[in-house]
Each structure stands twice: as C-alpha cells, then as structure tokens.
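Colleague: Take a look at the following structure, please.
The values are calculated or read from the model by the stated rules, or taken from the named source; none is laboratory data. All values derive from a computational prediction rather than experimental measurement. No Cβ is skipped: glycine too gets one built from the backbone with ideal geometry, and neighbour counts run over all protein chains shown. Only protein heavy atoms, including side chains, enter the accessible area calculation; ligands, DNA and RNA are left aside. Shrake-Rupley method; radii C 1.70, N 1.55, O 1.52, S 1.80 Å.
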Amino acid sequence: MKNVLERANEIVQERGKSYGHPFEDYSRTAQMWSAILGVHITADQCIKCMIAVKLSRLSKTPDHQDSIDDLAGYSWCLDEVVKKMKGEPDVQGS
C-alpha cells in the first residue's frame, strides 16, 4: 500500500504530462483568475487557494483520502513554483 507522498507524486507526475510544469500550469490558471476577479493573482497564490479548498473540504470530511493526497500534491507544486519564481534550477526534470 502506497503512502500519501507516493500517491501525491504519482498524481503530480501524471498531471505534469498533461499540463506541464506546475509553474506554467498555475500561471495559466492565475491569469484566468486575475481576469475574472480583476486583481493580479500569481501562480503561488493560486496554489495556496487550492490548498485552502482542500482544507475546507477536509473540515467537513477529515478522512477523505483524495483531499489528503491533493494537499500533499499541491504542497509539492507550491515548492516547485516558488523555486521557479526564485530562478532556481529545475532538478526534478518536471
């Protein structure tokens, strides 16, 4: 049986194949949210909002495994985005 980090890694890797590096993926989403809301949203803010959605859902169903796995995945994505924003090299090849 896989642990939460193993499951999150699989999810993030699969999403990366479809949507690209988290920085590009969440930058696109942030641009759309910015247009809708009329305020500038960054990729890291977008991910933090998605984390808030999962935390909200977990407050209702604290044992929902999908939300727990997603939290780990969003944390990984946030780390990747922050590194990219700082100009750090992409060592994981995603």
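Colleague: Let me have the 222 nm mean residue ellipticity of the chain computed from DSSP H runs of 4+ only, each contributing -39500 (n - 2.57), with the sum over all residues rounded to the nearest 500.
Modeller: Helix-only estimate at 222 nm: -26000 deg cm²/dmol.
Colleague: Reachable lysines from Lys17, Cα under 23 Å, same-chain residues fewer than 8 places away excluded?
Modeller: Lys2, Lys48, Lys54, Lys83, Lys84
Colleague: Extending each Cα 7 Å along its Cβ direction at Lys48 and Leu5, get the distance between those two points in nm, one decimal.
Modeller: It is 2.5 nm.
Colleague: I'd like the accessible area for Asp44: 1.4 Å probe, protein heavy atoms, all chains in place, Å² to the nearest 10.
Modeller: Roughly 20 Å² of Asp44 is accessible to a 1.4 Å probe.
Colleague: Now a separate question. Take the alpha-carbon positions of the chain, form their convex hull, and give its projected area averaged over all directions (one quarter of the hull surface) in nm².
Modeller: It is 6.7 nm².
Colleague: Then there is this: How much accessible area does Met50 have with a 1.4 Å probe, in Å² rounded to the nearest 10?
Modeller: 50 Å²
Colleague: For an R0 of 35 angstrom, estimate the FRET efficiency from the Cβ-Cβ distance between Ile36 and Glu88 and round to the nearest 0.05.
Modeller: Details: r = 30 Å, r/R0 = 0.86.
Taking R0 as 35 Å, the efficiency between Ile36 and Glu88 is 0.70.
Colleague: Which ³J(HN,Hα) values in Hz, rounded to whole numbers, follow from the phi angles of region 14-23 under the Karplus curve 6.51 cos²θ - 1.76 cosθ + 1.60, where θ = phi - 60° and Gly and Pro get x?
Modeller: 5, 4, x, 5, 8, 10, x, 4, x, 4
Colleague: Probe of 1.4 angstrom, ligands and nucleic acids ignored: what's the accessible area per residue over the chain, in square angstrom?
Modeller: Per residue, the chain has 66 Å² of solvent-accessible surface.
Colleague: Where the eigenvalues come from the Cα gyration tensor of region 40-94, what are the semi-axes √(5λ) of the equivalent ellipsoid, largest first, in whole Å?
Modeller: 25, 14, 5
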